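Below: the structure, in structure tokens.
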Amino acid sequence: MNVKFKRVLFLITLIIIIALFYILWLSSRPVNIVAVHRDGNYSYILVENFPYTDKGKIHWWLKNKDKIKDNYSIPNPDPDDSFSITFWLFGEGYKELEKYDRFCFLDMKTKENCIEKDIVFSVDNSRNMGIMFETYDGTYHLKSNGEIVKYVSHSEAW
């Protein structure tokens, strides 16, 4: 092998190692709950450092749901046990409405009560469907035996 080829191979290997360490660092950062908002049985949790994968998001919820219930009284189900929890990336923080594509929290009595619409995860419970998880890449159902299966709607099956 010539010297030029060895240098290119070394550089590629170094870039791959740095990328792997960066990914490991990103995935090991703890999730930070910045704020919680409620509207009836709907809850909104603003987060930083949320897991990237569907499996990571669901695993994080299952691991932390009791702590969230104890610390924030979420979920807050209605009489038929239905609830909805939406996790939003906090991003650059609260902003004024200014543009149409922001989600605003009516429980905040200030002009800066909106965030960019960047939903990363949701957990819903209903009498008919039970616990459902919604991510960028799909919808998952928590079966009564604890198994998590990806939900395929009838329109997707065609």
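The values are calculated or read from the model by the stated rules, or taken from the named source; none is laboratory data. These numbers come from a predicted model, not from an experiment. Ideal geometry is used to build each Cβ from the backbone, glycine not excepted, and the neighbour counts take in all protein chains shown.
Yes or no, residue by residue, for (1) more than 30 Å from PHE105 (Cα to Cα); (2) assigned by TED's automatic domain parsing to the domain that holds GLY146; (3) touching a residue at least 60 places away in the same chain (Cβ under 8 Å); (4) touching a helix residue (DSSP H, G or I) at 6+ places or on another chain (Cβ under 9 Å):
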| site | (1), (2), (3), (4) |
| --- | --- |
| ASN2 | yes, no, no, no |
| ILE12 | yes, no, no, no |
| ILE16 | yes, no, no, no |
| TRP25 | yes, no, no, no |
| ASP54 | no, yes, yes, no |
| LYS57 | no, yes, yes, no |
| TYR72 | no, yes, no, no |
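Considering the stretch 83-106, and only residues there that are in contact with a Lys or Arg (Cβ under 7 Å, 6 or more places away or on another chain) and among the acidic types (Asp, Glu), the residue that is nearest to LYS65 (Cα to Cα) turns out to be ASP101.
Under 8 Å between Cβ atoms, at least 6 apart or on separate chains: pull out the pairs that start in the stretch 114-142 with a residue that is closer than 17 Å to PRO75 by Cβ and basic (Lys, Arg) and end on any residue that is surrounded by 14 or more Cβ atoms within 10 Å (Cβ to Cβ) and modelled with pLDDT of 90 or more. Close Cβ pairs (under 8 Å, with a partner that is surrounded by 14 or more Cβ atoms within 10 Å (Cβ to Cβ) and modelled with pLDDT of 90 or more) amount to ARG127/SER82. In the set (1) surrounded by 14 or more Cβ atoms within 10 Å (Cβ to Cβ); (2) over 18 Å from TYR42 (Cα atoms), the condition left unmet by GLU96 is number (1). Identify all residues within the stretch 129-143 that are hydrophobic (A, V, I, L, M, F, W, C) and assigned to a strand (DSSP E or B); write none if there are none. Correct list: ILE131, MET132, PHE133, LEU142. Restricting attention to the stretch 119-141 and to residues that are among the acidic types (Asp, Glu) and either modelled with pLDDT of 90 or more or not assigned by TED's automatic domain parsing to the domain that holds ASP39 (or both), the residue that is surrounded by the fewest Cβ atoms within 10 Å (Cβ to Cβ) turns out to be ASP124.
Scanning the stretch 50-64 for residues that are of a type outside the set (A, V, I, L, M, F, W, C), over 24 Å from ASP80 (Cα atoms) and assigned to a helix (DSSP H, G or I) yields ASP54, LYS55, GLY56, LYS57, HIS59, LYS63.
To keep it simple, each residue is scored yes or no on (1) more than 19 Å from the chain's Cα centre (by Cα); (2) not polar (S, T, N, Q).
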{"position": "ASP78", "(1), (2)": "yes, yes"}
{"position": "PHE83", "(1), (2)": "no, yes"}
{"position": "PHE87", "(1), (2)": "no, yes"}
{"position": "GLY91", "(1), (2)": "no, yes"}
{"position": "LYS109", "(1), (2)": "yes, yes"}
{"position": "LYS117", "(1), (2)": "no, yes"}
{"position": "SER126", "(1), (2)": "yes, no"}
{"position": "VAL152", "(1), (2)": "yes, yes"}
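When we screen VAL36, VAL47 for residues that are touching a helix residue (DSSP H, G or I) at 6+ places or on another chain (Cβ under 7 Å), in a strand (DSSP E or B) and assigned by TED's automatic domain parsing to the domain that holds THR135, the only hit is VAL36.
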